[in-house]
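No lab work stands behind these numbers, since they all come straight from the coordinates. Quick caveat, the model's predicted, so the values are computed rather than measured.
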């Protein structure tokens, strides 16, 4: 799978694991709901700052986020 395809899956999986709606997940990351929607649908990709916030959230999840953190390290970082 290429990087472009992995980011939407990673964002959706992270949001679902946190149990947040797109709106609440957006607030947690400091972006808007349409931004999360575009990320999950592959129409846009997170900025470097947003990727940093996603990585911090994954690290804060400990074991629950470790597999997604590995995916981020493999595919999501420039």
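Here are a few things to note about the model shown:
- Scattering from segment 34-78 was approximated by placing one identical point on each alpha carbon and applying the Debye formula without solvent; log10 I(q)/I(0) at 0.13, 0.18, 0.27 1/Å stands at -0.29, -0.55, -1.03.
- Result for the chain in a Gaussian network model with C-alpha springs under 10 Å: among 55, 40, 23, the largest mean-square fluctuation is at 23.
- For the chain, a Gaussian network of Cα nodes joined below 10 Å ranks 15, 59, 43 by mean-square fluctuation, and the top entry is 43.
- For the chain: relative contact order, % (alpha-carbon pairs under 8 angstrom, 6 or more apart): 35
- Based on DSSP H segments of at least four residues, each scored -39500 (n - 2.57), the chain has a per-residue ellipticity at 222 nm of -19500 deg cm²/dmol.
- Cα Rg, Dmax, the chain, angstrom units: 11.1, 30
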